[in-house]
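Working notes, beginning with the structure itself.
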Amino acid sequence: MAKSRSDEDGETSAAASDRNLFKLVAVSFGLLCITQAALNVSLRLILYTKDSSKLEMELVQLQSSYRNLTEEQDQLKEQLEHVTNERNDLQRKLQVLQSQWCIYFGGSLYYISVEEESWQQSREDCLQKGADLIIINNREEQVCVCLCVREKKLNDMSTK
């Protein structure tokens, strides 16, 4: 069977039409892929920007907290230095008082006087010094004071 020219032209035009359709599908698919890639990049940028702004806010908050903690640390260092100086001053004062026959016992400071005075004169002397005569509240306090008075008398007798 012989093919006619019109059959050949029909087949050629159908093949050309198929190729054109294939090219159209390929180009459309390519454009679809490019559009998909562009959308993916855009969405990633949007999400990254949101995450980035959250991270920037957290960074600002952390920096603020760090500054506050640093300031608080500096204040605590100053307070520690002040309390340390105050403690050292009190220790020096205690040493001076102890060298003058003062005794520290049970949260109280005792001064043992070498002068013999009446009860009224002794009380006035104490009040002028911002103190008062002793009131013994328990056995331990009495023992401590008695030992110190005895030591003071022995010390005074050996120096005479």
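So if we plug the beta-carbon distance of Asp89 and Ala131 into 1/(1 + (r/R0)^6) with R0 = 22 Å, what FRET efficiency do we get, rounded to 0.05?
Efficiency, rounded to the nearest 0.05: 0.70.
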query: Lys/Arg Cβ at +1, Asp/Glu Cβ at -1, dipole of the chain taken about the Cα centre: which of Tyr48, Asn85, Ala131 is farthest positive-ward?
result: Tyr48
message: Rounded to two decimal places and with Rh computed the Kirkwood way over Cα pairs, what is Rg over Rh for segment 8-129?
response: 1.87
message: Just to confirm the number: angle between the C-alpha axis of helix 5-99 and the first principal axis of the chain, 0 to 90 degrees, nearest 10?
response: 0 degrees
FRET efficiency estimate (nearest 0.05) - Cβ-Cβ, Lys50 to Ala16, R0 30 angstrom: 0.05
- prompt: Which of Cys126, Cys148, Cys33 moves most in a GNM of the chain, Cα contacts under 10 Å?
  reply: Cys33
- request: Just read off the accessible area of Arg87 with the full protein assembly in place, 1.4 Å probe, to the nearest 10 Å².
  value: 120 Å²
In degrees, nearest ten, helix 119-128 long axis to first principal axis of the chain (Cα): 30 degrees
query: To the nearest 10 square angstrom, how much accessible area does Leu43 have with a 1.4 angstrom probe?
result: 100 Å²
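The values are calculated or read from the model by the stated rules, or taken from the named source; none is laboratory data. For clarity, every value in this text was computed on a predicted model and none was experimentally measured. Every residue, glycine among them, receives a Cβ derived from its backbone with ideal geometry; neighbour counts consider all protein chains shown. In case anyone asks, the SASA skips ligands and DNA or RNA and just uses the protein heavy atoms, side chains included. Shrake-Rupley method; radii C 1.70, N 1.55, O 1.52, S 1.80 Å.
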